[in-house]
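Engineer: Structure provided below as structure tokens; questions to follow.
The values are calculated or read from the model by the stated rules, or taken from the named source; none is laboratory data. Values in this document were obtained by computation on a predicted structure and should not be read as measured data. Glycine also receives a Cβ, built like all others from the backbone with ideal geometry; neighbour counts cover every protein chain displayed.
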Amino acid sequence: MNNYSCPLCDKSLQLADDQRSLRCDNNHQFDRAKQGYFNLLPVQRKKSKEPGDSKEMISARSDFLAADYYQPLAHKIAQLIEHKQSDQQFTMLDIGCGEGYYSRQIKQLIPDIIQYGIDIAKPAIIKAAKADKNGHYAVASSDKLPLADDSLDLIMKVYAPANDQELQRVLKSNGTLLTVTPAARHLWQLREFIYTDVREHDTQDTQFAGFELTQSERLSYSITPSREHRIALLQMTPFAWRANEQVSAQIADADDLSIELDFIINLYQPISR
Ligand SMILES: C[S@@+](CC[C@H](N)C(=O)[O-])C[C@H]1O[C@@H](n2cnc3c(N)ncnc32)[C@H](O)[C@@H]1O
Ligand SMILES: [Zn+2]
């Protein structure tokens, strides 16, 4: 049993007996890559040769996350999910999952959860699939999710783009959308190196068409990353391109820099149709 649907014709995809390919009734076939993932992003939907985050960004994020500075966030997410878990078949999708850090952390705390992860960046999905043989990972776009209607109990969206209609389509009517976004003081001390006038992030709750906000949690704590991890953290942020060599060197040399992390975790539910 799997929840995949064909990205070309929307029919359900059946897993072959040898588990090596997916096929729909219209005979569209998708072979499993050797690392264990499926590529469900049709070429015609690729807007560039290598869509999504670059290999360098993925690698910086992967090195940084491996040091578990974001583990309190992952644990908080897992706690919130645990409360929603209603049965053994509880199925979640990590949308824009990157290299799968949060999914793996959640699995450790909720071992029987069924996990899907999609990302448009193939190098990210390769990393995710290699690190977790039990997850279902696919290269796909959040604009067109290769998943069946009403098939998911939870969608997690950690700093990733989404399409409201697709979220509505794949989530069960009693399902939950969980988002993580930066709160006002997120990475304040890092941003101080880059901007002369650091502004608090705008924390107005994002609205998703067809959803209502049911719970909002803020999680704030400070970390003191190593030199190597300060650089990786900078590289994985959207403002990295603003940091010239001089600023990057200043951040690298800022020993014992304590950096605030500040997140908003929102839970939404579909408005009954
Ligand atoms: C800031 S990263 C967050 C990754 C991961 N959730 C994390 O927090 O570690 C955003 C991710 O969204 C992916 N992405 C960007 N556009 C996408 C799209 N249209 N569909 C799916 N993934 C996309 C990127 O490749 C990247 O891995
Ligand atoms: Zn098809």
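Engineer: Restricting to the stretch 80-107, name every residue that is assigned to a helix (DSSP H, G or I), over 11 Å from the mean Cα position of the chain (by Cα) and either without any contact (Cβ under 8 Å) to a residue 12 or more places away in the chain or within 13 Å of ligand 1 (Cβ to nearest atom) (or both).
Structural biologist: Scanning the stretch 80-107 gives H83, R104, Q105, I106.
Engineer: A further question follows. Which of (1) surrounded by fewer than 17 Cβ atoms within 10 Å (Cβ to Cβ); (2) farther than 23 Å from Y102 by Cα; (3) of a type in the set (S, T, Y) is the odd one out, the single condition S248 does not satisfy?
Structural biologist: (1)
Engineer: Follow-up question, since we're still on this one. Can you go through D63, D53 and tell me which one is within 20 Å of T179 (Cβ to Cβ), away from ligand 2 (no atom under 15 Å from the Cβ) and of a type in the set (D, E)?
Structural biologist: D53
Engineer: Next up: Tell me which residues, restricted to the stretch 22-43, are more than 13 Å from ligand 2 (Cβ to nearest atom) and either part of a loop (DSSP other than H, G, I, E, B) or surrounded by fewer than 16 Cβ atoms within 10 Å (Cβ to Cβ) (or both).
Structural biologist: Within the stretch 22-43, D31, A33, K34, Q35, G36, Y37, L41, V43 qualify.
Engineer: Would you confirm whether or not the stretch 23-37 contains a residue that is of a type outside the set (S, T, Y) and in contact with a Pro (Cβ under 7 Å, 6 or more places away or on another chain)?
Structural biologist: Checking the stretch 23-37: not a single residue is of a type outside the set (S, T, Y) and in contact with a Pro (Cβ under 7 Å, 6 or more places away or on another chain).
Engineer: Out of the stretch 109-125, which residues are over 14 Å from the mean Cα position of the chain (by Cα) and either part of a loop (DSSP other than H, G, I, E, B) or of a type in the set (V, I, T) (or both)?
Structural biologist: Selection gives I110, P111, D112, I113, I114.
Engineer: Could you please let me know if I58 is more than 16 Å from ligand 2 (Cβ to nearest atom) and closer than 23 Å to V139 by Cβ?
Structural biologist: yes
Engineer: Something else now. Considering only the stretch 141-155, state which residues are out of contact with any Ser or Thr (no Cβ under 8 Å at 6 or more places or on another chain) and under 25 Å from T203 (Cβ atoms).
Structural biologist: S142
Engineer: What residue, among those in the stretch 193-235 that are of a type in the set (D, E) and modelled with pLDDT under 95, is farthest from L177 (Cα to Cα)?
Structural biologist: In this case the residue turns out to be D197.
Engineer: Quick one: is L145 crowded, with 22+ Cβ neighbours inside 10 Å and over 17 Å from F30 (Cα atoms)?
Structural biologist: Criteria not met by L145.
Engineer: For S62, only one of the following conditions fails: (1) surrounded by fewer than 18 Cβ atoms within 10 Å (Cβ to Cβ); (2) within 11 Å of ligand 1 (Cβ to nearest atom). What is its number?
Structural biologist: (1)
Engineer: Which of the residues spanning the stretch 129-165 are within 11 Å of ligand 1 (Cβ to nearest atom) and among the hydroxyl-bearing types (S, T, Y)?
Structural biologist: Passing the criteria: S141, S142, Y159.
Engineer: Taking into account only those residues within the stretch 175-202 that are surrounded by fewer than 18 Cβ atoms within 10 Å (Cβ to Cβ) and either touching a Pro at 6+ places or on another chain (Cβ under 8 Å) or among the aliphatic types (A, V, I, L, M) (or both), which is farthest from N244 (Cα to Cα)?
Structural biologist: Once the filter is applied, the top-ranked residue is A184.
Engineer: Next question, about the same structure. Of the residues L8, L41, L22, which single one is touching a residue at least 24 places away in the same chain (Cβ under 8 Å) and away from ligand 1 (no atom under 16 Å from the Cβ)?
Structural biologist: Step by step, each of L8, L41, L22 is checked, and only L8 is touching a residue at least 24 places away in the same chain (Cβ under 8 Å) and away from ligand 1 (no atom under 16 Å from the Cβ).
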